[in-house]
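S.K.: Got a structure here, written out as structure tokens. Questions coming.
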Amino acid sequence: MQYWVKVVFVDNQELVVKDAIRHTISDDMEVLEVDSAKEVVIIPMKQIKYVACDATVFATKSKT
């Protein structure tokens, strides 16, 4: 499943990855990693104001 991830930096610049496959924060909470089919973006957490993503990532399938 692909979804979008938006990262807003402390200087108010934005990065939008429209075809993200996965995004994770490292165990030591130092970096955010956003993976897509084309690239892997690694961003230090100190540079990030906030992160937003498509809510379908968290959707659960209903049993019907």
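The values are calculated or read from the model by the stated rules, or taken from the named source; none is laboratory data. Remember, it's a predicted structure, so these values are computed and weren't measured experimentally. These accessible areas exclude ligands, DNA and RNA; they are computed on the full protein's heavy atoms, side chains included. Shrake-Rupley method; radii C 1.70, N 1.55, O 1.52, S 1.80 Å.
S.K.: Name the long-range amide H neighbours of residue 48: under 5 Å, sequence gap of 5 or more, or other chain; modelled H, no Pro or chain starts.
M.R.: Sorted by chain and number, the residues that satisfy this are 10.
S.K.: Another question, then. First compute the accessible area of the range 3-54 with a 1.4 Å probe, then give the percent of it belonging to carbon and sulfur atoms.
M.R.: Carbon-and-sulfur percentage of accessible area, whole number: 52.
S.K.: On average, how much accessible surface per residue is there in the chain, in Å², for a 1.4 Å probe, leaving out ligands, DNA and RNA? Please report the intermediate quantities before stating the final value.
M.R.: Working: 4920 Å² over 64 residues.
For the chain, the per-residue accessible area is 77 Å².
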